[in-house]
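Student: Below are the structure tokens for one structure; questions will follow.
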Amino acid sequence: MNFAEVRFWELLGAGLAVIFLLRAAVAWIRPAGLEIYDRLALFGLGLYLLLCISQVTFLIFLAVALGTYWGLKWILHHEPKQRHRYLYLLIPLQLLPLFHYKYSNFVANQVLGLDQAWLRDLVIPVGISFYTFQKVAFAVDTLAFNHPLPKFLDYLNFAGFFPQIVAGPIERRHDLLPQMETFRFRWLPAQIEEGAGFLVLGMFFKCCLADNLAAYFDPRSTSNPFLIWTANVLFGLRIYYDFAGYSLVALGIARCLGVRLTMNFNSPYCSTNMVEFWRRWHITLSQWFRDYLYVPLGGGRVPYWAFNMALVFVVSGIWHGAGWNFVLWGALHAVFLIANHALRNKLSMPRVVAWGFTMVCSFFSWLCFYEVNVTALAQKSLTLLRPQAYTPDAFRQLVARWPGGDRFVLASFLALAALVLFFEWRSVVRGKEPYYWLRRPAVLCVLVILTMLLSPGKNNGFIYFAF
């Protein structure tokens with residue numbers, strides 16, 4: 001579901017209109033049936049919106065969701081002491097569609113060199129990484145904590161809750177399932193007001209900041225460090241406002257429906273070290289890797305904790321994409337975090353210096369995220385690390401890269417992004433709720449106006465739909 005497209009809101013509006021017309025009929029004929037009707041209607045709405053994305057996405061989601069439920073149902077018929085063994089069979093089956101669509105081309109053609117041309121034409125179903133990880137967590141939690149299997153309809157609503165199914169947050173059983181079991185269509189003013197605030201902020205992040213910054217992103221230079229740093233900064237800001245924007249809109253829609261989703265971002269660019277950065281960036285994925293990979297490996301309690309951390313972040317890089325650049329991105333963040341843990345009691349620096357150093361590490365690493373050509377990636381990395389590359393001529397090339405009008409527009413959007421980060425910083429240092437100052441009524445009115453005036457005509461799809 002692309003929240004930035006008018007088509008999504010038209011489809012959602014049409015779906016809700018049908019639901020409430022039928023709901024009025026059910027309330028008149030059999031009021032006691034409203035509870036089951038609401039849950040059925042929510043499930044139907046989710047499938048309808050998913051089918052509107054693509055038939056392949058729809059079918060693969062159903063295969064993973066139904067396979068998880070019936071696989072667990074079969075496992076739960078066995079003796080409790082034997083159930084964990086069957087989990088080693090279920091999890092690979094859950095991951096099989098993800099591996100086929102996302103990684104088979106990389107493994108077969110780039111790792112093994114088999115030259116299978118047909119694998120290059122595979123289209124990754126939207127959201128497959130997100131809903132697959134959610135189903136894996138559901139299976140593990142159900143068996144590890146001896147939870148009963150929920151009713152089929154409640155499970156389907158948990159598995160396919162439409163605001164978050166294709167790009168997160170990756171919800172856990174204990175957070176979302178109880179809300180699905182008691183779901184009713186209730187339009188409460190306090191919930192709508194809170195949800196609308198997140199909606200406005202998310203659309204501003206996506207349509208005003210991310211899409212406009214994307215227009216100036218130019219990754220071509222391999223020899224000019226100023227142009228490379230500019231591309232890194234623009235990409236880093238864009239991917240943040242794009243993904244955080246999606247997550248906030250998802251949270252807002254869910255809140256209007258009376259459902260609380262997990263906050264997936266909490267001002268990561270206000271972090272003063274890389275550990276804090278990963279506690280604020282893509283929070284539900286970080287928690288997933290912590291609980292289902294890092295802790296089972298022994299976490300930080302074992303002598304080989306650095307290996308555990310490195311493995312987790314390399315796998316995290318692979319989760320984001322099938323390519324050597326993503327492996328390097330994960331490995332680079334592993335180095336940052338291992339150094340952070342090793343030096344946290346030995347090195348002290350002022351808060352603003354620590355923030356600046358964290359931002360340099362963060363934006364440097366984005367190079368590994370967007371540059372898929374390994375040769376170009378190596379050239380750009382060496383350029384950034386070579387002091388003699390930072391010449392006055394290189395800086396003049398940066399200034400001349402855009403005409404005067406474009407320079408002014410780009411500087412204006414960067415200034416707007418800096419102002420937004422200032423408001424985020426105020427929320428963080430004063431211990432307020434996430435994005436507190438950006439969700440004040442007066443600020444939201446300004447954001448609505450800015451979004452309407454500054455949104456570009458060209459719509460960019462959400463970056464994380466590709467993951």
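The values are calculated or read from the model by the stated rules, or taken from the named source; none is laboratory data. Note that this is a predicted model, so its numbers are computed, not measured. Here the Cβ is made from the backbone with ideal geometry for all residues, glycine too, and neighbour counts use every protein chain on show. Accessible surface areas use protein heavy atoms only, side chains included; no ligands, DNA or RNA. Shrake-Rupley method; radii C 1.70, N 1.55, O 1.52, S 1.80 Å.
Student: Per residue, how large is the accessible surface of the chain? Use a 1.4 angstrom probe and give square angstrom.
Tutor: 46 Å²
Student: Provide, for q = 0.10, 0.17, 0.20, 0.21 Å⁻¹, the log10 of I(q)/I(0) from a solvent-free Debye sum over equal Cα point scatterers in the stretch 56-180.
Tutor: -0.35, -0.86, -1.09, -1.16
Student: Rounded to the nearest 0.05, what FRET efficiency do residue 407 and residue 305 give with R0 = 45 Å and r taken as the Cβ-Cβ distance? Could you check?
Tutor: It comes to 0.45.
Student: Find out how many positive minus negative residues lie around residue 371, taking Lys and Arg as positive, Asp and Glu as negative, among other residues whose Cβ is under 14 Å from that of residue 371.
Tutor: Local net charge: +1.
Student: Quick check of the Kirkwood formula: for the chain, what is the inverse mean of 1/r over all pairs of different Cα atoms, in Å?
Tutor: 24.0 Å
Student: With the dipole of the chain worked out from charges on the C-beta (+1 for Lys and Arg, -1 for Asp and Glu) around the Cα centre, which of 442, 243, 129 lies farthest toward the positive end?
Tutor: Toward the positive end, the furthest listed residue is 442.
Student: Set Lys and Arg Cβ to +1 and Asp and Glu Cβ to -1, take the dipole of the chain about its Cα centre, and tell me which of 106, 329, 69 lies farthest positive.
Tutor: Working it through, the farthest residue towards the positive pole turns out to be 329.
Student: Still on this structure, please answer the following. To the nearest 10 square angstrom, what accessible area does residue 368 show with a 1.4 Å probe?
Tutor: Estimated to the nearest 10 Å², residue 368 gives 10 Å².
Student: Angle between the Cα long axis of helix 189-203 and the longest principal axis of the chain, 0 to 90 degrees, nearest 10?
Tutor: Computed tilt is about 40 degrees.
Student: Follow-up question, since we're still on this one. What distance in nm separates the simple spin-label points at residue 450 and residue 422, each placed 7 Å from Cα in the Cβ direction?
Tutor: 1.1 nm
Student: Quick check: the angle from helix 374-385's long axis to the longest principal axis of the chain, C-alpha only, nearest 10 degrees?
Tutor: Helix 374-385 and the main axis of the chain meet at about 50 degrees.
Student: Another one. So if each residue of separation counts as 0.36 nm, and I subtract the Cα-Cα distance between residue 193 and residue 9, what length gain in nm does that give?
Tutor: 64.4 nm
Student: Would you mind telling me the share, in percent, of accessible area of the chain contributed by carbon and sulfur at probe 1.4 angstrom?
Tutor: 67 percent
Student: If you don't mind, there's one more thing I want to ask. Mind checking the full-extension length gain between residue 389 and residue 85? Use 0.36 nm per residue of separation minus the Cα-Cα distance, one decimal, nm.
Tutor: That works out to 103.8 nm of additional length.
Student: Based on alpha-carbon centroids, what's the gap between the stretch 391-449 and the stretch 315-360 in Å, whole number please?
Tutor: Each part reduced to its Cα centre gives a spacing of 24 Å.
Student: Let me ask you something else. Using R₀ = 41 Å, calculate the FRET efficiency as 1/(1 + (r/R₀)^6) where r is the Cβ-Cβ separation of residue 185 and residue 343; round to 0.05.
Tutor: So the FRET efficiency works out to roughly 0.20.
Student: Just the Cα atoms of the stretch 268-385, one point each, no solvent: what log10 I(q)/I(0) does Debye give at q = 0.14 Å⁻¹?
Tutor: -0.61
Student: Give me the number: length gained by fully extending residue 146 to residue 315, i.e. 0.36 nm times residue separation minus the C-alpha to C-alpha distance, one decimal in nm.
Tutor: Length difference between fully extended and current span is 58.1 nm.
Student: What's the magnitude of the charge dipole for the stretch 124-282 around its Cα centre, counting Lys and Arg as +1 and Asp and Glu as -1 at the beta-carbon? Answer in Debye, nearest 20.
Tutor: 140 debye
Student: Please report, to two decimal places, log10 I(q)/I(0) for the stretch 361-467 at q = 0.12, 0.17, 0.19 Å⁻¹ as given by the Debye formula with identical point scatterers on the Cα atoms and no solvent.
Tutor: -0.73, -1.21, -1.26
Student: Hey, another quick one. In debye, nearest 20, what is the charge dipole magnitude of the chain about its Cα centre with +1 on Lys and Arg Cβ and -1 on Asp and Glu Cβ, if you could check?
Tutor: Its charge dipole is roughly 760 debye.
Student: Could you give the size of the charge dipole of the stretch 35-191 about its Cα centre, using +1 on the Cβ of each K and R and -1 on the Cβ of each D and E, expressed in debye and rounded to the nearest 20?
Tutor: 240 debye
Student: Give me the net charge of residue 323's neighbourhood, meaning all other residues with Cβ under 12 Å from the Cβ of residue 323; Lys, Arg count +1, Asp, Glu -1.
Tutor: Neighbour charge sum, excluding residue 323 itself: 0.
Student: Taking R0 as 60 Å, what's the FRET efficiency between residue 223 and residue 291 from their Cβ-Cβ distance, rounded to 0.05?
Tutor: Efficiency, from the Cβ-Cβ distance: 0.85.
Student: If you don't mind, another one. To one decimal place, what Kirkwood hydrodynamic radius in Å is obtained for the stretch 213-289 from all pairs of distinct Cα atoms?
Tutor: 14.2 Å is the Kirkwood radius here.
Student: Something else now. Output the 0 to 90 degree angle, nearest 10, between the alpha-carbon long axis of helix 324-343 and the longest principal axis computed from the alpha carbons of the chain.
Tutor: 80 degrees
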